[in-house]
Protein chains: 2
Amino acid sequence: LADLLPAMDGDTKTMTFLQEVVDILLAYIVESFDRETKVVDFHYPNELLQMNNWELQDEPATLDDILISCRATLKYAIKTAHPRYFNQLSTGLDMVGLAADWLTSTANTNMFTYEVAPVFVLLEYVTLKKMREIIGWSDGRGDGIFSPGGAISNMYAMLLARFKMFPEVKEKGMSSVPRLAAFTSEHSHFSIKKGAAALGIGTESVICIKADESGKLIPADLERRILEGFVPFFVSATAGTTVYGAFDPLIAISDICKKYNVWMHVDGAWGGSLLMSRRHRWKLDGVERANSVTWNPHKMMSVPLQCSALLVREEGLMQNCNQMHACYLFQQDKHYDLSYDTGDKALQCGRHVDIFKLWLMWRAKGTIGFEAQIDKCLELSEYLYNKIKDREGYEMVAPVIKARMMEYGTTMVSYQPQGDKVNFFRMVISNPAATFEDIDFLIEEIERLGQDL
Amino acid sequence: LADLLPAMDGDTKTMTFLQEVVDILLAYIVESFDRETKVVDFHYPNELLQMNNWELQDEPATLDDILISCRATLKYAIKTAHPRYFNQLSTGLDMVGLAADWLTSTANTNMFTYEVAPVFVLLEYVTLKKMREIIGWSDGRGDGIFSPGGAISNMYAMLLARFKMFPEVKEKGMSSVPRLAAFTSEHSHFSIKKGAAALGIGTESVICIKADESGKLIPADLERRILEGFVPFFVSATAGTTVYGAFDPLIAISDICKKYNVWMHVDGAWGGSLLMSRRHRWKLDGVERANSVTWNPHKMMSVPLQCSALLVREEGLMQNCNQMHACYLFQQDKHYDLSYDTGDKALQCGRHVDIFKLWLMWRAKGTIGFEAQIDKCLELSEYLYNKIKDREGYEMVAPVIKARMMEYGTTMVSYQPQGDKVNFFRMVISNPAATFEDIDFLIEEIERLGQDL
């Protein structure tokens, strides 16, 4: 029983099984890109639980059963590669990125030391340096790490800012530190507050700064709030807000941060990728003055999930902030250059290899390929904006259209309220497979689904 | 240029490319399981940087170049599936787990809502429930989440313990809380201190409890230290310590936790998998009294990296502790049962799909297959212990043998000091491909490499 593929040595049965799975996946990919296919075959949770036997058993299944499970899983999966899937900030499926992720799974290793991931550690080194050059830090100097998502990257930034100002917090905790204040726009991502709650700073110490009509932080309000009394230690400017896609004015914010000696973080989880575009990177002018930058290639650059980078201007700070010198892992008497053991920079011990997908895609497209991909997404957004700006009926948008959209399965778009605005569709264009025709389809489909309301 | 596979629709070129990558991967797998192959083709970082062109370019590469990059990456990768790779707690490569990970990459979605990951969210629900049943919580009730590694799972546990005792800490931070104390054995994993540093508790508030000669926490010392004055809020017992593999006495520890009303966490990142074995699970007797348990199927159960679960006895606590009600993601007016939107239980926003590998392997092996695999690893350990206990020369172990081992590439074992003991090899057996003969080989090889020292 334990012999059911616990390991193998190139036997035909195992190889045939893997190839059969690949055939299922290739067919799924072809289907996902076909506009005639539904984006989702939607079922409610209780229905879906009963539509298949998902329970875990004591007894082993046959390999044929396993293939059936794979097919069933894909049947009810959301086709995130579909050209009409616009639901999240991460959409689309890049074939080189996918191939790289398959290789990563096959290599099955861990980023914490050079010893067990020599190539991947070097590729992370090369790629982070390139990203820092693009940010504009001289010679690409600085530090960084790939972390499991933008929320964790933002939390790392806050952790570093606190440690930079009060290094004793590592040993003594918050009882050694005065009452702190962090600042971010009212439109910023909720991870800033989550981070503050986790780090023992508390959500009440996150001061929400007013945004203007277009969703940009108002610098004068930032300065006013900084002067209110608590010790300001962290400003998180957003480059590409979650709902409006607004870019905070980084130069004005950096002037304020410099004046009051506050750590400036740029949450570019969504908008950081615009740095790859010569046409659009002006929206992040001033980013080179930041102390840290979150930039998620798994969003607008369509790298498979997850791929999030935190870039840090000061070298050595991450290591000092997080290291615990575990002597079973980061032995100081190793026979190679220890600066390649990255594990003590992170809170994670084991760390998934997220770099290879990005690196291989970058090789395949070149910097100019990524630039073209991003420019195309922004062109589609402009097209959508122009098409609906004078169209009637776009105030009235209700969740019921969303429910119908899921049930019909023809397309997927997210929705939410913001401030005093009621529920509206948040149209995200980061899917490299989308075309002008898909945008036209979306508009028609929303109107069709809302027709009899 | 942007057309270099930015998306596809089943065209032959793309399909051929993917199949070519798969062929490279299948050949690598066959090679990895071959004992004649080296575990590692080792090169020092500066050498490896120069052995290939790893730099990122402005211009795109051809698909042939991409295949060459894939081959080069694998050439210098560590063969973690090799039957003689014993270097980490996670070793081996399971073919069903690998197939599941390839499917996960192809589905390319996110665990935060049922909306975008209906099947995976249900499979996580089913699997976590099963794991809680195995722990011994009645009807599998409770909560849990898969997180990016044991260090993060442990940090979540500490975060929950603090929130349970002082819910106001979420808003008001540590300034609202008395001086806390957490307790863990001197042999415990470094992530407990990392977590305390990050959460603003401070490493000095982590009290290290003495362990006996076999590496088990001494309960009497725990009680003595709890009485020292600060507010005790968290005890982390270890089930399977990192270096010795020792199991702390959970029943005695749970009695103390109950007496002083302290959250009991069990860090079973390594040893939690013994719960699957009827023969060995007695080592975790008392685990059902814990408030939370970390259990990493990516270690002794050989699920591909990463797959770490945090199980929590109290329902609803994770949600209350971490939720921020992001209204663009966790809309309260959705048309399905919102309890399946798991995102607000976590600090992460986006969360990688780590569940499918475990679920599919569980289906393939059945509970009894996992049990057999774990029993076999423990049998091999016993065999190794018996073989070397009376053998001469095993005190003298130096890093230089490790360096030679890497350069020869024949096998890989980790080493470290512990307390007053100098460097020694830490032999980890979790590789399902290893046999009695591989253990024999290892012993001979260590002696051969150390011969002329």
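Where a number appears in this text, it was derived from the coordinates with a stated rule and is not lab data. From a predicted model like this one, the values you see are computed outputs, not experimental measurements. Virtual Cβ from ideal backbone geometry, glycine too; neighbours counted across all protein chains shown.
Taking a ≥ b ≥ c as the square roots of the eigenvalues of the alpha-carbon gyration tensor, chain A is classed oblate because a/c is 1.5 or more while a/b is no larger than b/c.
In terms of its alpha-carbon gyration tensor, the range A:206-359 comes out oblate; a/c meets the 1.5 threshold, while b/c is at least as large as a/b. Per residue of peptide A:332-342, the mean number of Cβ atoms on other chains within 10 Å of the residue Cβ is 4. For the range B:384-453, the list of GluC sites (Glu not before Pro) that fall in a loop by DSSP and count at most 14 other C-beta atoms within 10 angstrom reads B:GLU392, B:GLU395.
Within the range A:122-223, which trypsin sites (Lys or Arg not before Pro) sit in a loop by DSSP and count at most 15 neighbouring Cβ atoms inside 10 Å? Please report the intermediate quantities before stating the final value.
Values: sites: A:LYS129, A:LYS130, A:ARG132, A:ARG141, A:ARG162, A:LYS164, A:LYS170, A:LYS172, A:ARG179, A:LYS193, A:LYS194, A:LYS210, A:LYS216; in loops: A:ARG141, A:ARG179, A:LYS210, A:LYS216.
Listed in order of number, the matching sites are A:ARG141, A:ARG179, A:LYS210.
Among DSSP beta bridges lying fully in chain B, give the percent that are antiparallel, nearest 5. Of those bridges, close to 45 percent are antiparallel.
Separation of the range B:123-142 from the range B:25-90 is 39 Å, based on Cα centroids.
Pairs from the table (A:LYS389/B:LYS345; A:LYS170/B:LYS170; B:LYS193/B:LYS283; A:LYS334/B:LYS345; B:LYS129/B:LYS258) lying more than 28 angstrom apart at Cα are A:LYS389/B:LYS345; A:LYS334/B:LYS345.
With +1 on the Cβ of every Lys and Arg and -1 on the Cβ of every Asp and Glu, and nothing else charged, how large is the dipole of chain A about its Cα centre, in debye rounded to the nearest 20? Could the numbers behind the result be given before it?
Values: 46 positive and 59 negative charges, 346 e Å.
Using only the charged Cβ atoms, the result is roughly 1660 debye.
Within the range A:161-181, what residues put their amide N at less than 18 Å from the label point 7 Å along the Cα-to-Cβ vector of B:ARG179? Zone members listed by number: A:168-179.
Using only side-chain charges placed at the Cβ, +1 for Lys and Arg and -1 for Asp and Glu, the dipole size of the range B:59-106 relative to its Cα centre rounds to 340 debye.
Normalised by 2.2 N^0.38 Å, where N is the number of residues, the alpha-carbon radius of gyration of the range A:304-429 equals 1.67. How charged is the neighbourhood of A:GLY240? Take every other residue with its Cβ under 9 Å from the Cβ of A:GLY240, and add Lys/Arg as +1 and Asp/Glu as -1. Here the count lands on +1.
Counting other Cβ atoms within 10 Å, which trypsin sites (Lys or Arg not before Pro) in the range B:334-437 have at most 12 and lie in a DSSP loop?
Numbers: sites: B:LYS334, B:LYS345, B:ARG351, B:LYS357, B:ARG363, B:LYS365, B:LYS376, B:LYS387, B:LYS389, B:ARG391, B:LYS402, B:ARG404, B:LYS421, B:ARG426; in loops: B:LYS334, B:ARG351, B:LYS389, B:ARG391.
For trypsin sites (Lys or Arg not before Pro) across the range B:334-437 that sit outside H, G, I, E and B with at most 12 neighbouring Cβ atoms in 10 Å, the list reads B:LYS389, B:ARG391.
Per residue of B:32-41, other chain Cβ atoms within 10 Å of the residue Cβ number 2 on average. Along Cα→Cβ, 7 Å out, is where each label goes; now give me the distance between the ones at B:GLN57 and B:ALA72 in nm to one decimal. Computed distance between label sites B:GLN57 and B:ALA72 equals 1.0 nm. Label the protein assembly as shown by shape, choosing from rounded, prolate and oblate, from the square roots a ≥ b ≥ c of the eigenvalues of the Cα gyration tensor; if a/c is under 1.5 it is rounded, and otherwise prolate applies when a/b is larger than b/c, oblate when it is not. Taking the square roots of the gyration eigenvalues as a ≥ b ≥ c, the protein assembly as shown is rounded. Between copies, the label points at A:ASP11 (set 7 angstrom from Cα along Cα-to-Cβ) are spaced 4.1 nm, reported in nanometres from shortest to longest. Put the Cα centre of the range A:229-281 next to the Cα centre of the range A:332-385 and the gap is 20 Å. Between A:HIS335 and B:GLU36, the modelled label-to-label distance comes to 2.6 nm, taking each label 7 Å out from Cα in the direction of the beta carbon. Span-like helix criteria (full DSSP H runs; alpha carbon extent of at least 27 Å along the helix axis; mean Kyte-Doolittle hydropathy of at least 0.0) are satisfied in chain A by A:12-32, A:355-388. Amide H contacts under 5 Å for B:SER414: B:ARG426, B:VAL428, restricted to partners 5 or more places along the chain or on a different chain, H placed in the peptide plane at 1.01 Å from N.
With a simple spin-label model that places each label point 7 Å from the Cα along the Cα-to-Cβ direction, the separation between A:VAL231 and A:LYS258 comes to 2.5 nm. Restricting to Cα pairs below 8 Å that are 6+ residues apart, what does the relative contact order work out to for chain A? Please round to a whole percent. Value for chain A: 22 percent.
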